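Working notes, structure below.
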Protein chains: 2
Amino acid sequence: MRTAFYISDGTAITAEVFGHATLSLFPVDFKNITIPFVETIEKALEVKNQIDKAISSKGEKPLVFYTFVDHELTDIINSSNGVCYDFLTVFSDQIEKEIQVEPVPRTHRTHSIHEKSYDFRIDAVNYALANDDGANLKNYDDADIILVGVSRSGKTPTSLYLALQYGIKAANYPFTDDDMDDLKIPPALLPHKKKLFGLTIKPERLSAIRNERLANSKYASIKQCRIEVREVEMLYKTHRIPYLNSTQHSVEEISAKILAETGLERRKY
Amino acid sequence: MRTAFYISDGTAITAEVFGHATLSLFPVDFKNITIPFVETIEKALEVKNQIDKAISSKGEKPLVFYTFVDHELTDIINSSNGVCYDFLTVFSDQIEKEIQVEPVPRTHRTHSIHEKSYDFRIDAVNYALANDDGANLKNYDDADIILVGVSRSGKTPTSLYLALQYGIKAANYPFTDDDMDDLKIPPALLPHKKKLFGLTIKPERLSAIRNERLANSKYASIKQCRIEVREVEMLYKTHRIPYLNSTQHSVEEISAKILAETGLERRKY
């Protein structure tokens, strides 16, 4: 199997996202190796050796995706036997010409504590945890959005992703049978109706997820799941709460759809 | 201000990461607009119009970073007045030649529920939440790693990031004054000593963070923070627990460093 390296003077997250997206075009498996924080000549030489040794038994050279600021480090990696792809500079000449501004490369450009949005994101994570599962009904003034839905419809992971990735403060509130009986919005949520966003899910999938948590319970039964899903969807429709079905979607997709539909302002790019 | 668009038939997360990393080379602010799930000709034509209208008052064209699989959609976006950068294909010819395999582009290549690692990641998030702050000492058999440290040293956001991004099950345990008094590892952690990874932090920063939570308390006082940090670092050294100082690092950086230092196997690339 051929090896793919993702290397950087920082976290290497950008190199990974880029390399992974590019390689995902090909129906081939790679052995993935990430090496972050290659910040010195010694470390770069070590990595060069590791790349040179990673030629496969069939003689296939490793592919190397990297992001470096220091040209000396770049040159060392380029001198390896790997096939190197430097995507950070691939468009920078074109962009320089277009915007008529010279690049000023800095290390730790992204994913560092110095990003403007960083404190927002950590605050938002703490907010999501403190306001998970209807834990604290008094804090909804501070919420950017309040995710609602039946138990296990995907509210918590989505609220954490919105916080970590975008710095969005997402509370979440679980609708119970009692809440939904008369199709009324619970009093604690009423003043914040405009912030509500609903999740729904196929009853079969919901039952499977709940069975992992509480096997053979009434809570996990397909009958109960069908009732709750039908009720919650009627509640959304009655009160015109925007909602989406999470069954076939990842937290990344759900979050991206929520942002697109609500126009919510994110704090990180 | 010039506008930068990030556009995709999927979440547009990849287009954002790439565009953001490339633009971060330039000391210029952009107005950022992300448009995910551009999956139809109608939607693509709408987006083309939006791009055409986004020419700045000085006549500057918007920059457009996109990832599309469907060529018809790509052509529509390329016909706009934006300056388009298609990074997904920029290296694919070179890679095709190198690996001698033709690309088979698929939509929702990344960030979808169909990624092999997806269920692992959601499981890991639920695990991190259930085992946050020493909540459940019985589950440590299942942990890939147990983050330890004094209260507010960065354990919880780090464990959530490890879960969401890498599918790693990270429990976390807060060392209290009592735990550290005699420099012994708490009994519940002893059988899992090899999984322990410590965080530490500058007392000044710790005191600032704690003051936001409980202003003017003994808990937040610089004296108390100095004592706890000194004790916890002695504990790490005495028992050779690997640790790092989180003061100057983002959760992304802390997580990348933990992976690099421990060699922990991640479930997502």
Problem - Test set (1) touching a strand residue (DSSP E or B) at 6+ places or on another chain (Cβ under 7 Å); (2) hydrophobic (A, V, I, L, M, F, W, C); (3) surrounded by fewer than 21 Cβ atoms within 10 Å (Cβ to Cβ); (4) more than 20 Å from B:Asp132 (Cα to Cα) - B:Ile241 fails condition number - result: (4)
Handout entry: Test: A:Ile209 is out of contact with any strand residue (DSSP E or B) (no Cβ under 9 Å at 6 or more places or on another chain) and of a type in the set (A, V, I, L, M)
Key = yes
Exercise for the section: Determine whether the range B:55-68 contains at least one residue that is within 29 Å of A:His249 (Cα to Cα), assigned by TED's automatic domain parsing to the domain that holds B:Ile13 and surrounded by fewer than 19 Cβ atoms within 10 Å (Cβ to Cβ). Expected result: no
Completion exercise
In the range B:199-212, anything over 24 Å from the mean Cα position of the chain (by Cα) and either touching a residue at least 24 places away in the same chain (Cβ under 8 Å) or closer than 23 Å to B:Pro242 by Cβ (or both) is listed as B:Pro203
Handout entry: Condition broken by B:Gly167, with the remaining ones in (1) touching a residue at least 12 places away in the same chain (Cβ under 8 Å); (2) more than 29 Å from the chain's Cα centre (by Cα); (3) on the phi > 0 side of the Ramachandran plot satisfied
Key = (2)
Practice task
Determine if the range B:23-37 includes at least one residue that is free of Cβ contacts under 8 Å to residues at least 12 places away in the same chain, assigned by TED's automatic domain parsing to the domain that holds B:Val83 and surrounded by 21 or more Cβ atoms within 10 Å (Cβ to Cβ).
Solution key: yes
Exercise for the section: Please tell me if B:Asp132 is of a type outside the set (Lys, Arg) and outside the structural domain of B:Gln165 (by TED's automatic domain parsing). Expected result: no
Completion exercise
For the range B:17-49, the count of residues that are part of a helix (DSSP H, G or I), within 13 Å of chain A (Cβ to nearest Cβ) and farther than 21 Å from A:Val104 by Cβ equals 3
Handout entry: Scope the range B:39-67; condition more than 22 Å from B:Gly10 (Cβ to Cβ) and not hydrophobic (A, V, I, L, M, F, W, C); matching residues
Key = B:Asp52, B:Lys53, B:Ser56, B:Ser57, B:Lys58, B:Gly59, B:Glu60, B:Lys61
Exercise for the section: Report yes if B:Ala215 is touching a helix residue (DSSP H, G or I) at 6+ places or on another chain (Cβ under 7 Å), of a type in the set (Gly, Ala, Ser) and surrounded by fewer than 22 Cβ atoms within 10 Å (Cβ to Cβ), otherwise no. Expected result: no
Completion exercise
Of the residues in the range A:128-163, those that are surrounded by fewer than 23 Cβ atoms within 10 Å (Cβ to Cβ) and among the aliphatic types (A, V, I, L, M) number 6
Fill in the blank from the handout: Okay, helices (runs of 4 or more DSSP H) sitting entirely in the range B:78-146 with 1 or more residues that are under 20 Å from A:Ala208 (Cβ atoms) and at the interface with chain A (Cβ under 10 Å from one of its Cβ atoms), I get B:118-130
Completion exercise
Of the conditions (1) small (Gly, Ala, Ser); (2) surrounded by 20 or more Cβ atoms within 10 Å (Cβ to Cβ); (3) touching a residue at least 12 places away in the same chain (Cβ under 8 Å), the single one that A:Ala188 does not satisfy is (2)
Problem - Unmet criterion (only one of (1) aliphatic (A, V, I, L, M); (2) farther than 20 Å from B:Ala21 by Cα; (3) free of Cβ contacts under 8 Å to residues at least 24 places away in the same chain) for A:Val101 - result: (2)
Practice task
Could you please let me know if A:Lys53 is more than 11 Å from chain B (Cβ to nearest Cβ), without any contact (Cβ under 8 Å) to a residue 24 or more places away in the chain and not acidic (Asp, Glu)?
Solution key: yes
Problem - Boolean, B:Lys155 is at pLDDT 95 or above, within 14 Å of another protein chain (Cβ to nearest Cβ) and touching a Gly at 6+ places or on another chain (Cβ under 9 Å) - result: yes
Problem - Unmet criterion (only one of (1) assigned by TED's automatic domain parsing to the domain that holds A:Ala15; (2) more than 28 Å from B:Gly263 (Cβ to Cβ); (3) in contact (Cβ under 8 Å) with a residue 12 or more places away in the chain) for A:Cys84 - result: (2)
Practice task
Spot the failing condition for A:Ser153; the list is (1) part of a helix (DSSP H, G or I); (2) in contact with a helix residue (DSSP H, G or I) (Cβ under 8 Å, 6 or more places away or on another chain), and only one is missed.
Solution key: (1)
Exercise for the section: Answer yes or no as to whether B:Ala170 is closer than 29 Å to B:Thr11 by Cβ, outside the structural domain of B:Lys48 (by TED's automatic domain parsing) and surrounded by 15 or more Cβ atoms within 10 Å (Cβ to Cβ). Expected result: yes
Exercise for the section: Mind counting the residues in the range A:63-77 that are of a type outside the set (Asp, Glu) and not in a strand (DSSP E or B)? Expected result: 7
Fill in the blank from the handout: Every listed condition ((1) surrounded by fewer than 22 Cβ atoms within 10 Å (Cβ to Cβ); (2) closer than 26 Å to A:Leu160 by Cβ; (3) more than 14 Å from chain A (Cβ to nearest Cβ)) holds for B:Phe175 save (1)
Problem - Test: A:Glu72 is at the interface with chain B (Cβ under 8 Å from one of its Cβ atoms) and among the acidic types (Asp, Glu) - result: no
Exercise for the section: Being of a type outside the set (A, V, I, L, M) and at the interface with chain B (Cβ under 8 Å from one of its Cβ atoms) is the filter; apply it to the range A:1-16 and report the residue that is surrounded by the fewest Cβ atoms within 10 Å (Cβ to Cβ). Expected result: A:Arg2
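The values are calculated or read from the model by the stated rules, or taken from the named source; none is laboratory data. Since this is a predicted model, take the numbers as computed values, not measurements. Methodologically, a virtual Cβ is constructed for each residue, glycine included, from the backbone with ideal geometry; neighbour enumeration extends over all protein chains shown.
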